[in-house]
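Shown next, in structure tokens, is the structure this report addresses.
Each value in this text was obtained by applying a stated rule to the coordinates, not by laboratory testing. Please read these numbers as outputs of a predicted model, since none were measured by experiment. All Cβ positions, glycine included, derive from the backbone under ideal geometry; neighbour counts span all protein chains shown.
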Amino acid sequence: MKKLIAVTSCPTGIAHTYMAAEALVEAARKADVSIKVETRGSIGVENELTAGDIAEAHAVILATDTQVPAERFAGKPVVRASVGEAIKDAGRLIEQALQEKGSAPKMDFVQQVQEEKSRRRAEVPGFYKHLMTGVSYMIPIVVAGGITIALSFVFGIYAFKQPGTLAAQLMTIGGSAAFGLMVPVLAGFIAFSIADRPGLAPGLIGGMLASLTGAGFLGGIIAGFLAGYVAKALNDRIQLPATLRGLKPVLIIPLLSTLIVGLLMVYVIGVPVKDIMDGLKNWLVGMNKGSSIVLGLILGAMMAFDMGGPVNKTAYTFAVGLLGSNVFGPMAAVMAAGMTPPLGLALATALAPKKFDVAEKEAGKAAAVLGISFITEGAIPFAAADPFRVIPSIMVGSAITGALSMAFGATLRAPHGGIFVMAIPNAVGHLGLYALAIAVGTVITASLISFLKPGIR
């Protein structure tokens with residue numbers, strides 16, 4: 001028996017989402033076809049499709065009037081329709097899906113990297129998954145804000161202090177607006193990951209209160225988890241008649257959870273967490289040279305250890321969080337160390353061509369592009385093929401790069417961009433020494449891999 005999967009979602013997420021799902025299930029029953037339907041309504045995702053469900057499916061039906069993530073269905077034939085079509089003519093959609101033929105095109109190097117990232121995300125535990133959901137939504141805002149701030153320094157490091165100038169406006173866009181949203185968005189989407197839509201409002205508000213109370217990045221994380229679990233608990237425990245069901249996600253849960261989270265942030269959590277953040281900032285600012293080098297070593301090794309996995313993202317999240325406190329050294333070390341693994345592997349394919357096959361040499365060219373763009377995941381295919389030689393080599397190279405970056409006193413005001421952000425005047429402190437740190441780590445990585453990797457037989 002062919003198996004089908006489907007997703008239904010309407011703009012309000014109250015009625016048509018579930019009517020479309022019921023129509024598809026009924027049509028599949030009449031056609032003697034197995035189907036699993038994921039609904040994305042106002043109370044969140046229900047009957048969620050697993051990786052196993054997707055792998056076993058013959059085709060996918062997307063009966064949606066809203067944007068839903070479709071990347072997970074890559075390689076599967078997809079039938080797209082509105083929820084209205086699913087309600088009125090579900091049988092036709094079932095028949096069309098059964099007639100579709102799947103395709104699984106060969107993946108290029110970049111697609112392999114994306115596939116591995118998706119697989120890792122599916123395997124991470126709940127706590128980390130929720131945190132990284134918040135971080136993933138926060139990063140574009142921080143990147144846009146950070147690079148906008150860096151652009152303001154083109155006119156001089158203190159040019160933004162002159163009211164009304166372009167530099168001042170760029171600082172307002174990047175510093176006040178974008179960075180002002182950083183913590184609320186982080187908290188909001190941590191809560192969204194836990195409780196879906198009902199968690200978004202208390203998460204965003206809790207994150208804003210974390211900013212206002214000075215609890216910062218750490219306070220935002222706490223607010224996000226608190227909002228998510230409070231909203232989820234209320235959603236699970238509050239039972240209403242069908243006629244009042246629509247009030248839960250838009251009124252009852254947001255209001256109650258916002259009051260609970262808001263009062264806890266103001267009266268219980270905010271001040272102690274602010275003291276912790278202030279202490280961390282003072283410690284980082286007051287570090288002696290030896291301590292900063294050790295920190296750079298640790299952050300660098302973490303960036304290379306799993307190349308975009310939990311350890312890597314922990315180091316990156318730590319550095320991004322410090323940007324809001326005007327501590328820029330760890331961010332520089334993290335980006336330099338994250339660029340080193342793919343750059344080192346690309347260089348290794350050039351230094352020792354007889355130790356790599358044709359496909360690996362081509363992959364090395366792609367890895368070089370990913371490396372200069374600060375996409376550490378470019379090293380994943382090489383590490384997957386030979387982990388016991390590649391991973392120790394890239395960890396050594398990245399650790400040395402991170403240590404050198406901290407030792408040189410390099411700073412970075414933009415949280416992403418790779419070599420491209422380095423072209424912005426004053427965005428990187430001690431630019432020449434910073435580039436040297438990346439070059440040294442790249443050469444060490446390439447040398448170790450070239451030495452350890454056996455020749456092709």
Sorted from largest down, give the three principal axis spans of the alpha carbons of the range 3-99, whole angstrom values. 31, 26, 18
Semi-axes, largest first, in whole Å: what does sqrt of 5 times each Cα gyration tensor eigenvalue give for the chain? 41, 32, 18
How much mean residue ellipticity at 222 nm does the chain get from its helices, if each DSSP H run of length 4 or more adds -39500 (n - 2.57) and you divide by all residues, to the nearest 500 deg cm²/dmol? -20500 deg cm²/dmol
Once both label points are put 7 Å beyond Cα along the C-beta direction, the ARG92-LYS161 separation in nm becomes 6.8 nm
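Just the number, please: percent antiparallel of the DSSP beta bridges in the range 1-93, rounded to the nearest 5. Before the final figure, lay out the partial values.
Working: 3 of 19 bridges.
The answer is about 15 percent antiparallel.
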Whole-number value, in Å³ per residue, for the convex hull of the alpha carbons of the range 289-452 is 90 Å³
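Could you give the length gained by full extension between LYS361 and VAL266, i.e. 0.36 nm per residue of separation minus their alpha carbon distance, to one decimal place?
Working: separation 95, 0.36 × 95 = 34.20 nm, distance 5.63 nm.
Taking 0.36 nm per residue and subtracting the Cα distance, the gain is 28.6 nm.
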Two pseudo-spin positions, 7 Å from Cα along C-beta at PHE451 and at ALA177, lie apart in nanometres by 5.2 nm
Starting from a Cα-only point model with no solvent, please compute log10 I(q)/I(0) by Debye for the range 144-186 at q = 0.28 1/Å. -0.86
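Using 0.36 nm per residue, how much length does the chain from LEU247 to VAL25 gain when fully extended, once their Cα-Cα distance is taken away? Please report the intermediate quantities before stating the final value.
Numbers: separation 222, 0.36 × 222 = 79.92 nm, distance 2.65 nm.
This chain segment gains 77.3 nm when fully extended.
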Compute the angle between helix 16-30 and the longest alpha-carbon principal axis of the chain, please, reported from 0 to 90 degrees and rounded to the nearest 10. 70 degrees
Could you give the nm distance between label points at LYS2 and LEU259, where each point is 7 Å from its Cα heading toward the beta carbon? 5.3 nm
Per q in 0.15, 0.23, 0.28, 0.32 Å⁻¹, report the Debye log10 I(q)/I(0) for the range 406-457, using one uniform scatterer on each alpha carbon and no solvent. -0.52, -0.85, -1.08, -1.22
Pairs LYS76/LYS365; LYS76/LYS361; LYS76/LYS355; LYS30/LYS76: which are spaced more than 27 Å apart, C-alpha to C-alpha? LYS76/LYS365; LYS76/LYS361; LYS76/LYS355
Nearest-ten-degree value, helix 179-195 long axis tilted from longest Cα axis of the chain: 40 degrees
What shape does the range 370-428 have by the C-alpha gyration tensor, where a ≥ b ≥ c are the square roots of the eigenvalues, rounded means a/c under 1.5, and otherwise prolate means a/b greater than b/c and oblate the rest? oblate
For the chain, the longest principal axis of the Cα atoms and the Cα long axis of helix 216-237 enclose an angle in degrees, to the nearest 10, of 10 degrees
Quick one: P(r) of the range 182-309 from all Cα-Cα pairs, 5 Å bins, percents rounded to integers, in order of increasing distance. 2, 12, 17, 15, 13, 13, 10, 7, 4, 3, 2, 1, 0, 0
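Assuming 0.36 nm per residue, please report the length gained on full extension of the stretch LYS281 to LYS354 beyond their Cα-Cα distance. Intermediate values should be presented prior to the final figure.
Numbers: separation 73, 0.36 × 73 = 26.28 nm, distance 4.87 nm.
In short, 21.4 nm is gained.
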What FRET efficiency, computed as 1/(1 + (r/R0)^6) with R0 = 41 Å and r the Cβ-Cβ distance, is obtained for SER82 and VAL440, rounded to the nearest 0.05? 0.15
